Amino acid sequence: MIPGLPSTSFRLDRMRNASAQVFDHLRELIVTLALEPGTQLHRAELADYFALSSTPLRDALSRLGDEGLVDIVPQQTTTVSRIDVNAARQAHLLRLSLELEVVNLLAQAGDRLPDVAPALQQLVAQQGLASRHRDDAAFDSAGTAFHRQLFALAKVERLWDLLRRQSGNLERLQRLGPPVAAARVLADHASIAGAIAGGDGRLAMACMRRCLGDMLPDVERIAERYPDYLAAHAGTEG
C-alpha cells in the first residue's frame, strides 16, 4: 500500500467524470501532506485502490504533473514532487494581485450587486459557527468558500480556477508553517465583507492585504525542520 493512502476504500461517483474524481482525491491528499513529498505513486496500486483502468489514472496524474505536484518519468515512476518554493511565492503574488482587484471591483459595484453583502456575511457566519464548535475542517471549508465566492460574485470564476491550478505548492508550504489564529481569519473575513458592503474599495483592499499577508510562511525555518520536503534549489532562497 502506498503510504498516505486512506485505508478505507475509495467510492467512485458514477455520475461524475472518473479522472476528475481521481485528480481531486489525490490532489487533496498531496496538498494536505497525507501523501508526503517523495512518495512513489505506483500505478498498479493506484489502479487497485481506485478500482479503475489506467486511462483515468493517467489523465489525473498528468493534470497533477501540470500543477507541479507530481514528477512523472514515462514508463518508470511517478513521485509526489518536492515543494517548489519559487512556485509558491509566485502563486502568493498572483493570488494577492487578483483578490485585491476583485474586492475593489465588488465594493465599487454598489447597488448593482445587491446579493454580495448577504452572500459574504452568510459565509462569515458559517465560519464563525465552525470556530465555536472547533470544527477545523468546516472552518477551513467555509474560509475557502468565502474567497471563492468573491470571484463568483464578481463573475470571474475562471480566475479562481486559475489560482487553484497554481496554488498547490503554496498550499503545501502553508501546512508546514504555523497556523493563523482562527479569530484573526474570521475578523479579516468579516472586515472584508463589511468594507464591500459599505462600498469602500480602499478599505476592502487593505483588509484583503492583511488577510493574505501571512499566507507565505518562513521558508528558512521550514527548510530547517523539513529539509526533505522542499526542492533543493529553493530551500533557503530569498
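The values are calculated or read from the model by the stated rules, or taken from the named source; none is laboratory data. Since the structure is predicted, the reported quantities are computational estimates derived from the model, not experimental observations. Positions of Cβ are backbone-derived with ideal geometry, glycine not excepted, and every protein chain shown enters the neighbour counts. Remember, those area values only see protein heavy atoms, side chains included, never the ligands or the DNA or RNA. Shrake-Rupley method; radii C 1.70, N 1.55, O 1.52, S 1.80 Å.
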Quiz prompt | Residues (open to solvent by less than 60 Å² (accessible area, probe 1.4 Å) and farther than 14 Å from Ala87 by Cα) located in the stretch 163-180 | solution = Leu176, Gly177
Quiz item: Is one or more of the residues making up the stretch 1-13 farther than 16 Å from Asp71 by Cβ, of a type in the set (D, E, K, R), out of contact with any His (no Cβ under 9 Å at 6 or more places or on another chain) and part of a loop (DSSP other than H, G, I, E, B)?
Solution: yes
Self-check item: Matching residues, the stretch 55-73, being over 15 Å from Leu12 (Cβ atoms), open to solvent by 60 Å² or more (accessible area, probe 1.4 Å) and in a helix (DSSP H, G or I)
Solution: Arg58, Arg63, Asp66
Quiz prompt | Subset of the stretch 217-238 that is part of a loop (DSSP other than H, G, I, E, B) and open to solvent by 50 Å² or more (accessible area, probe 1.4 Å) - its residue that is modelled with the lowest pLDDT | solution = Gly238
Practice problem: Take the residues in the stretch 33-49 that are at pLDDT 95 or above and more than 17 Å from Ile72 (Cβ to Cβ), then tell me which one is surrounded by the fewest Cβ atoms within 10 Å (Cβ to Cβ). | Solution: Ala34
Practice problem: Could you figure out which of (1) closer than 30 Å to Asp84 by Cβ; (2) open to solvent by 60 Å² or more (accessible area, probe 1.4 Å); (3) charged (D, E, K, R) isn't true of Arg202? | Solution: (1)
Exercise. Return the total of residues in the stretch 74-101 being in a helix (DSSP H, G or I) and free of Cβ contacts under 8 Å to residues at least 60 places away in the same chain.
Key: 3
Quiz item: Within the stretch 1-17, which residues are open to solvent by 90 Å² or more (accessible area, probe 1.4 Å) and aliphatic (A, V, I, L, M)?
Solution: Met1, Met15
Exercise. State which residue pairs qualify: first residue over 20 Å from Ile30 (Cα atoms) and inside the stretch 160-186, second residue surrounded by 18 or more Cβ atoms within 10 Å (Cβ to Cβ) and aliphatic (A, V, I, L, M) in any location, beta carbons under 9 Å apart, and separation of 6 or more residues or different chains.
Key: Val180/Met215; Ala182/Ala130; Leu186/Val124
Quiz item: Picking from Gln76, Gln108, Gln127, which residue would you name as being modelled with pLDDT under 95 and either in the same structural domain as Val31 (by the TED database) or buried (at least 18 other Cβ atoms within 10 Å of the Cβ) (or both)?
Solution: Gln76
